[in-house]
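The values are calculated or read from the model by the stated rules, or taken from the named source; none is laboratory data. Small disclaimer: the values here were computed from a predicted structure and weren't measured. Backbone-built Cβ (ideal geometry, glycine too); neighbour counts: all protein chains shown. Just the protein is used for accessible areas: all its heavy atoms, side chains included, with ligands, DNA and RNA removed. Shrake-Rupley method; radii C 1.70, N 1.55, O 1.52, S 1.80 Å.
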Amino acid sequence: MAVSSFSITPITLQPKLETIHGLGLVLPRYSINSHFRKNLTGVSLRRNTVVVSAITGASGTGTEKESVDLLDTVKILDLKGNEIPISDLWKDRKAVVAFARHFGCVLCRKRAAYLAAKKDVMDASGVALVLIGPGSIEQANTFVEQTKFEGEVYADPDHASYEALKFVSGVSVTFTPKAALKIIESYMEGYRQDWKLSFMKDTVERGGWQQGGILVAGPGKDNIFYIRKDKEAGDDPPIEEILKACCA
C-alpha cells in the first residue's frame, strides 16, 4: 500500500486511549493532565539528557567509566534460567549487545530484525549478536519463538543492566511524535506488538516506560568501544554506525 503523505495531529497523554484505525494500535495522547498524573504512582516522568558516546577500554571517564564498573556486578539470565555475569558476554569475544524496551515491544522487534539482517557481516568478523530485555525468561523465550531471532537472547528481570548504563525511562520518552510515527511505520512493515507480553507483570510493574540502547564491547570485560543510549522509543542508530564500531 503506497502512502503519499499524511500528518499526525497533536496527541495528549490522558486516561482515555485513542485507537489508530486500520492498525489495531492504541496510543495515549501526548501531554499529561493532573488526573492522569495521579494514576501514575511510582512512574518516572523524567527525561534525561542523553549523549551518544563511544569509549575505548577502561579509559572512559565520568559517568561512562562508572557504568563500566557497575556492569561488572550485573547478572542476567539465559533462556534456561542460568544466571551469568553480563560482562561474560564480551569477556572472550566481541559482541553487539542490543537492549530492548521490553519483549513485547513492536519497535524492539523491528530493532532485532534490522540487526539480524547484518548478522552475516558480524559472523564474518567473529562478532556475536546479543539482545537483552527487561523481563522474565518466559517472556524472553516467547520473544525468540515469535521472532525467530538468530542471535543470543537474555533476560534482565531486575533491570540491573539498564540502571548501570543509565538508560532513560519515563512516559515523556515513550510517547513522542517520532515514536508514534515509527510505530505506524513498523505496523505498515508487518511488525506487531505482543500485547499479552506487554501487559505481563514483569513489564507492567515498571510501567513499560523503559528505553534501551546498543553497545559494542570485547574481547575483555572492560573493553567497551561504543555505547548508544536511546533518547526515546524507537531511536535506532544507523546500522552503518554499529557495523563501523564492531566490524571495521
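Structure notes:
- Taking only the Cα atoms of the range 102-248, the ratio Rg/Rh comes out at 0.94, with Rh defined as the Kirkwood radius.
- Listed by chain and number, the aspartates and glutamates placed with their C-alpha closer than 19 angstrom to that of Lys178 are Glu18, Glu189, Asp230, Glu232, Asp235, Asp236; residues fewer than eight positions away on the same chain are left out.
- Accessible area (Å², per residue) of the range 65-247, counting only protein heavy atoms and a probe of 1.4 Å: 40 Å²
- Computed over protein heavy atoms with a 1.4 Å probe, the carbon and sulfur contribution to the accessible area of the range 116-248 reaches 53%.
- Entries of Lys118/Lys229; Lys166/Lys231; Lys118/Lys166; Lys166/Lys244 with Cα pairs more than 22 Å apart: Lys118/Lys166; Lys166/Lys244
- An ellipsoid equivalent to the range 83-174, defined through the eigenvalues of its Cα gyration tensor, has semi-axes of 20, 16, 13 Å when rounded to whole angstrom and sorted largest first.
- Stretched out straight at 0.36 nm per residue, the stretch from His159 to Lys178 would grow longer than its current Cα-Cα span by 4.3 nm.
- Net charge dipole size for the range 65-247 [Lys, Arg +1 and Asp, Glu -1 on Cβ; Debye, nearest 20]: 360 debye
- Given their separation in residues at 0.36 nm each and the Cα-Cα distance between them, Arg93 and Asp69 gain 6.8 nm when the chain is fully extended.
- Report note on the peptides 125-132, 185-192: ranked by the mean count of other C-beta atoms within 10 Å, highest first, their order is 125-132, 185-192.
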